[in-house]
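To keep things clear, I will list the structure first and then write my remarks on it.
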Amino acid sequence: MPRIERSADVSWEGNVARGEGLITAESGAFSELPFSLPTRIARVAGKTSPEELLAAAHAGCLTMSLATELTEAGTPPTRLDVTCTIVMDEVEGQGHQIVGSNVTISAAVDGASADDLAAAIDRADEGCPFSQLLKRAGAAVSVSRA
């Protein structure tokens, strides 16, 4: 696989407590997604947060990794639904840190036993660059079936 580089641009106006930022993907897939401190610590409709974007990235990466594992095993998925929750918490002496990523997978896979699916999920987690990044950073990564 070739080296992959992706970019996003962020603009921010104001201080951290009252300021707001906009996130735009280089690809054009999304443009000017608003975020702010309130979107980080609460759920604000129509706005995102860096943690929500990380959750989407981890879920997307793990989904593609699992689809690859299942296809290579001869049991391509009919449907995969993956939910990821990023956990940020206070770590003594380090401030707020990403401490966990909890992933739940619902899979419709014809021809794969429960054991086959569990093994494919384990391989997908090991092969997912986002799972590995989070683990190397010391975050707990849990992947379970719905």
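The values are calculated or read from the model by the stated rules, or taken from the named source; none is laboratory data. Because the structure is a prediction, the values reported are computed rather than measured. With ideal geometry, Cβ positions are generated from the backbone for all residues, glycine too; neighbour counts draw on all protein chains shown.
Within region 118-134, residues that are of a type in the set (Lys, Arg) reach partners that are assigned to a helix (DSSP H, G or I) with beta carbons closer than 6 Å, at six or more positions or on different chains, in the pairs 123/69.
Would you mind stating whether residue 25 is farther than 30 Å from residue 119 by Cα and at pLDDT 95 or above?
Values: farther than 30 Å from residue 119 by Cα: yes; at pLDDT 95 or above: yes.
When the stated conditions are applied, residue 25 passes them.
Out of the strands (runs of 3 or more DSSP E) lying entirely within region 1-80, which hold 3 or more residues that are of a type in the set (A, V, I, L, M, F, W, C) and over 30 Å from residue 122 (Cβ atoms)? Give the derivation first.
Details: elements: 8-13, 20-25, 33-35.
Those strands (runs of 3 or more DSSP E) span 8-13, 20-25.
Scanning region 88-117 for residues that are loosely packed, with under 12 Cβ neighbours inside 10 Å and either over 16 Å from residue 52 (Cα atoms) or under 15 Å from the mean Cα position of the chain (by Cα) (or both) turns up 90, 92, 93, 94, 95, 106, 108, 110, 111, 113, 114, 115.
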